[in-house]
């Protein structure tokens with residue numbers, strides 16, 4: 001099972017990965033990805049808004065698709081919301097499997113689909129200007145490769 005959480009609080013990626021492996025001897029690989037807010041082009045903050053129930057359902061559905069598609073032994077997906085500053089962790093995907101191939105593929109799938117299908121609205125703060133972030137064609141292209149199993 002892949003557990004999913006949407007939260008305002010920061011997370012500890014190392015502790016989350018350790019929790020996946022705790023007491024397990026069948027896991028051969030844990031692949032984790034932590035996305036951070038980056039300070040590019042004068043970004044001073046990033047605010048993520050969402051509808052909690054809708055967002056939680058959609059992220060759980062994306063995780064269920066990964067679970068069905070690869071031979072996984074566990075996983076954790078955490079996505080933050082609220083006002084985040086450059087350097088803050090924004091998303092964690094940690095996937096456990098017997099072998100690295102499935103763990104890497106599932107983690108990449110999850111990130112690609114979170115970027116394009118998780119219902120978050122992002123607003124950038126650049127000091128004296130705030131603007132909503134538009135979807136990127138490159139993110140859509142990355143997610144499209146997973147459309148065919």
task = Could you please rank 27, 90, 59, 2, placing first whichever residue has the fewest other Cβ atoms within 10 Å of its Cβ?
result = 27, 90, 2, 59
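If each residue of separation counts as 0.36 nm, what is the full-extension length gain between residue 38 and residue 145 once their alpha-carbon separation is subtracted?
35.9 nm
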inquiry  = Relative contact order for the chain: what percent, with Cα pairs under 8 Å and sequence separation of 6 or more?
reply    = 33 percent
Exposure proxy order (Cβ contacts within 10 Å, fewest to most) of 112, 12 = 12, 112
inquiry  = To check you understand DSSP bridge types, tell me what percent of the beta bridges within segment 2-137 (both residues inside) are antiparallel, rounded to 5.
reply    = 80 percent
ask   = What is the diffusion coefficient of the chain in µm²/s, taking the Kirkwood radius over Cα pairs and the Stokes-Einstein relation at 10 °C with a viscosity of 1.306 mPa s?
value = 100 µm²/s
request  = Rounded to the nearest 500, what is the 222 nm mean residue ellipticity of the chain from helices alone, with -39500 (n - 2.57) per DSSP H run of 4+ residues and division by all residues?
outcome  = -11500 deg cm²/dmol
query = Using 1/(1 + (r/R0)^6) with R0 = 30 angstrom and r between the beta carbons of residue 22 and residue 53, what's the FRET efficiency to the nearest 0.05?
reply = 0.50
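Laboratory data are not the source of any read-out in this text; all were calculated from the coordinates shown. The shown structure was predicted, so the numbers you read here are calculated from the model rather than taken from an experiment. Ideal geometry is used to build each Cβ from the backbone, glycine not excepted, and the neighbour counts take in all protein chains shown.
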